[in-house]
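Heads up: the structure comes next, in structure tokens.
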């Protein structure tokens with residue numbers, strides 16, 4: 001994480017543009033620019049700036065956005081809810097679809113369901129999120145008019161509207177996640193299906209359904225959980241795109257807006273936050289291994 | 001470092017065909033390699049021969065024929081008073097530009113980005129991976145940097161990187177290459193780590209061959225097959241990321257026709273004129289699909305054992 005922090009700082013401080021000039025505006029004189037620079041501490045040496053920045057982060061102060069003229073922490077806090085709701089919805093939807101699909105594909109290997117699942121998963125890797133998004137919008141919002149085209153409603157303003165507006169974006173992102181998870185599930189289940197204990201379970205007369213749930217899925221769980229964790233990176237990328245398409249005022253949208261405005265404290269903070277979340281989720285995933293497979297110890 | 005790179009790049013081609021005598025044969029008979037290659041070849045031809053396939057200037061604006069649906073005809077009055085009739089097979093966008101021409105020219109950008117990102121990240125990853133895998137004192141330091149880079153989600157890192165420099169093709173390519181490098185490095189390093197324990201490497205060390213020669217002659221050839229496969233997947237994801245960046249308006253400048261830019265332009269009027277998103281979207285998806293299929297097929301035929309490693 002230390003490396004990430006340093007890297008995020010360095011990357012964004014090597015900017016070719018001068019942020020002070022951007023904040024000061026087009027009509028600013030050289031003195032104005034210098035004043036802004038001094039105010040922001042940009043005139044100090046880079047290592048000192050890094051020290052100050054680290055200290056501020058440790059205190060939860062992410063600086064002030066150049067563009068939105070607000071505290072970055074307040075800005076982020078304001079945008080967390082849509083993104084978290086979207087991501088949660090997506091993962092739940094994806095796991096609910098992908099795991100049964102993967103298991104079915106492995107169980108009936110070579111059948112139409114296997115081909116369908118694998119074909120879908122290759123497609124999920126290849127079709128970009130926004131193309132899926134527009135296809136879904138076109139079908140379900142424009143043609144059939146079942147769901148709203150875009151927008152977001154806070155959960156506090158009514159649950160119905162909240163869910164209604166989340167369905168299409170989550171479905172968009174879930175399709176990509178399904179591709180990822182179903183593929184690994186299938187591979188992992190296939191491997192376990194050949195194990196001796198599966199044969200034993202069948203031999204003792206256990207119904208296939210129970211064999212799959214109790215013996216196979218349990219033993220195949222570790223790679224599946226791993227890929228869900230790794231998929232968060234894809235999910236974060238997808239969130240950025242999907243929020244733009246569906247006009248959801250979340251963190252992804254904030255990232256794009258901040259980049260367009262060259263608002264680097266915000267970019268810095270968002271990239272750092274996303275990376276932190278990604279690392280933390282994978283840490284949690286690592287820790288669940290011990291629950292899923294008691295043979296693993298740390 | 002240079003001394004290692006030079007013999008390495010020559011050997012790639014010399015050794016490529018040799019150890020995979022059976023594999024090359026298998027690769028050509030693999031259906032997904034075949035489908036992928038043929039589809040890609042068509043797209044390459046379409047991109048290169050765009051001017052001969054009825055595509056006109058992709059930047060030409062025609063205010064009289066804005067937002068036409070696919071298949072409509074329009075008339076352009078030339079400077080000398082003569083008139084040109086043309087059919088917009090894929091309609092026109094909100095500035096009256098011919099979508100068909102733009103999609104065809106867009107293929108060029110996507111292919112250039114895909115191929116250059118694949119080649120550059122493979123070359124950089126190969127060099128770093130070889131050194132990190134073989135020189136133990138370098139390994140820890142390099143891999144920590146790579147872990148740090150990998151902790152930042154790829155698209156996010158690319159977005160942060162493009163925000164640094166001025167928008168343009170080169171910036172976009174570099175911004176996509178950097179997040180891909182650690183993945184290549186990991187792959188190369190894992191191959192090197194297993195190869196360095198092989199008896200023939202030990203024998204070469206005992207014979208006193210210098211490290212650069214050893215890496216180039218004995219270690220490098222073993223990395224070629226997995227590297228080609230990985231580069232194919234990198235190419236696919238690079239095409240996708242470029243489209244995403246352009247679509248978000250932070251990639252290649254909007255005046256250059258790329259699939260992402262065409263779709264970004266078509267966003268506002270999507271509900272009424274979906275063709276602006278449909279056609280480039282289909283082309284994009286088909287291209288990426290073709291590259292992925294090629295990669296899948298190559299993986300299966302070049303080295304069946306590789307399935308797990310990737």
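Structure summary
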read-out	value
Global form of region B:250-300, assessed from the alpha-carbon gyration tensor, a/c cut-off 1.5	oblate
Calculated FRET value between residue B:209 and residue B:119, using beta carbons and R₀ = 41 Å, to 0.05	0.90
Distance (nanometres) between label positions extended 7 Å along Cα→Cβ at residue B:267 and residue A:163	3.0 nm
Surface/4 of the Cα convex hull for region B:119-185, nm²	4.4 nm²
Pair-distance profile P(r), taking every C-alpha pair of region A:161-234, with 10 angstrom steps and integer %	18, 35, 26, 16, 5, 0
log10 of Debye I(q)/I(0), alpha-carbon scatterers only, for region B:114-240 at 0.14, 0.15, 0.22 Å⁻¹	-0.63, -0.70, -1.21
Kirkwood-Stokes translational diffusion coefficient of region A:71-158, alpha-carbon pairs, 4 °C, 1.567 mPa s, µm²/s	81 µm²/s
Calculated over region A:234-298: convex hull of Cα atoms, volume per residue (Å³)	88 Å³
FRET efficiency, 1/(1 + (r/R0)^6) with R0 35 Å, evaluated for residue B:136 and residue A:222 via beta carbons	0.70
Cα pair distances of region B:159-310 binned at 10 Å [whole percent]	10, 28, 26, 19, 11, 4, 1, 0
Residues of region A:108-152 with amide N under 17 Å of a point placed 7 Å along Cα→Cβ from residue A:70	A:152
Label-to-label distance, nm, for residues given as residue A:283 and residue A:207 (7 Å Cα→Cβ offset)	4.3 nm
Rg ratio (alpha-carbon, reference 2.2 N^0.38 Å) - region B:98-151	1.77
Fewest-first sequence of B:202, A:81, B:242 by Cβ atoms within 10 Å of each Cβ	B:202, A:81, B:242
Averaged over A:229-241, number of beta-carbon atoms from partner chains that fall within 10 Å	4
Peptide-level mean, for A:112-124, of C-beta atoms on other protein chains within 10 Å	1
Order of B:259, B:137, A:146 - criterion: other Cβ atoms within 10 Å of each residue's Cβ, fewest first	B:137, A:146, B:259
Cα centroid of region A:87-124 to Cα centroid of region A:242-276, whole Å	31 Å
Residue order, fewest to most surrounding Cβ atoms within 10 angstrom, among B:195, B:252, B:262	B:195, B:252, B:262
Long-range tail of P(r) for region B:184-226 (Cα pairs > 15 Å, %)	37 percent
Highest to lowest packing among A:121-127, B:211-217, scored as the average C-beta count within 10 Å	A:121-127, B:211-217
Average beta-carbon neighbours from other chains, 10 Å sphere, peptide A:262-273	2
Ranked by how many other beta carbons lie within 10 Å on average, peptides A:85-97, A:165-177 from highest	A:165-177, A:85-97
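Read-outs throughout are calculated quantities, based only on the coordinates presented, and are distinct from any laboratory measurement. Quick caveat, the model's predicted, so the values are computed rather than measured. Glycine gets a Cβ as well: all are built from the backbone with ideal geometry, and neighbour counts include every protein chain shown.
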